[in-house]
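My questions all concern the structure below.
FYI, it's all coordinate maths here, none of it is from the lab. The shown structure was predicted, so the numbers you read here are calculated from the model rather than taken from an experiment. Cβ placement follows ideal geometry from the backbone for every residue including glycine, while neighbour counts extend to all protein chains displayed.
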Amino acid sequence: MAAQLEGSNGVPGGEAGFGADMAAGLEALRGIGDVEIAPTLKDAVYREDKLVLYRYRPLEGEASRTPQSKRIPLLICYALVNRPYMLDLQEDRSLIRGLLRRGIDVYLIDWGMPDGADRYLELDDYINRYLHHCVSHVAAAHGAEKVNLLGVCQGGTFSLCYAAAHPERVQNLVTMVTPVDFRTPDNLLSKWVQGVDVDELVRVSGNISGELLNYVFLSLMPFRLLGQKYAGIGDIAHDPVQLRNFLRMEKWIFDSPDQAGEAFRQFITWFYRENRLVTDTLTLGSGPVHLRNVTMPVLNVYATQDHLVPPAASTVLKDLVGTPDYTPYAFDGGHIGIYVSGRAQKDLPAVISDWLRSRS
């Protein structure tokens, strides 16, 4: 006879013990209240419509260790679909703080929360207007013609497009979990998108609900992203630090902006369906976008266990850009772990800052 399982409360069979642990975890979560996020001090230095460009202040003591003249400016372009504070979630989970500690002068684009007035914004507006104006602001602040640009996820795709269209404005380009080939066989999100009538969705909805997109992302791996995650709440019921960490992640996951309808339609059609970066058929505004015009140094950071941007979707970049200075970096983790895992905090700021410093 198989041995009986025993739950944490000593009840044979384990189900009662699991239930008690879950109840304890949920009760503990209710007692935590709201959690603080994005702890690093920053200043709004440019605004346009909903967009805010932030510049982060040096960490305490960093200004004396790395004077202003020695700090390397870096503009971060995040995705539209989530809030950018994932890069500064908490003090010990912050790519931005890691970069600041290494003498990087960090700027970050917050796209804001689109409303009905933004329904007809196009990708050309985001890339050739908003992103271009942020690049111009950072360049002017440092008396330069070019900037260092870091694009994250969809923001990496935007940054690639910008660098291809305006190579004279980008000194060095870092792409991070960035989709380039949107039709790889292992791309779960791409498979889902192919069956959606995006034209009708935008016609009926106007802007696309961030809540809807959230549930789509979660449904791609429901066991890992829903069942397995919440089943572990009981294990941290008596650890307030871990509970706060859990709540910060939950806050970010469900804090998704709506998407400007026309830009969303274009992104799904031109990238996921027609794969225009790979087929070299993308046009923004009145100009073509050829990745072979990306001639500046490129550091391409991808995650080996990424279910949203599989490695093959990113590593194809090597064969499409025109630069001889292409550096791939494989991070052993997933799409979320690359932001918040302990290994990411240790490795990525050093990799990015060392690579930039060697080319500045």
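Taking the chain on its own, what percent of its Cα-Cα pair distances exceed 36 Å?
Tail fraction, whole percent: 24.
Let me ask something else about it. Counting helices only, and only those DSSP H runs with n ≥ 4, report the 222 nm mean residue ellipticity of the chain as the sum of -39,500 (n - 2.57) divided by its residues, in deg cm²/dmol to the nearest 500.
The helix-only estimate for the chain comes to -10000 deg cm²/dmol at 222 nm.
Sorted by mean Cβ packing within 10 Å, highest first, what order do the peptides 65-72, 172-179, 253-260, 51-58 take?
For the peptides 65-72, 172-179, 253-260, 51-58, the packing ranking is 172-179, 253-260, 51-58, 65-72.
If you find the alpha carbon centre of region 137-182 and of region 63-125, how far apart are they in angstrom?
13 Å
Using θ = phi - 60° and the Karplus relation 6.51 cos²θ - 1.76 cosθ + 1.60, list the HN-Hα couplings for region 135-144 in order, rounded to whole Hz, with x at every Gly or Pro.
Once θ is set to phi - 60°, the couplings for region 135-144 become 4, 4, 5, 5, 4, 5, 5, 10, x, 10 Hz.
So in the chain, what percent of DSSP beta bridges are antiparallel if you round to the nearest 5?
In the chain, approximately 40 percent of DSSP beta bridges are antiparallel ones.
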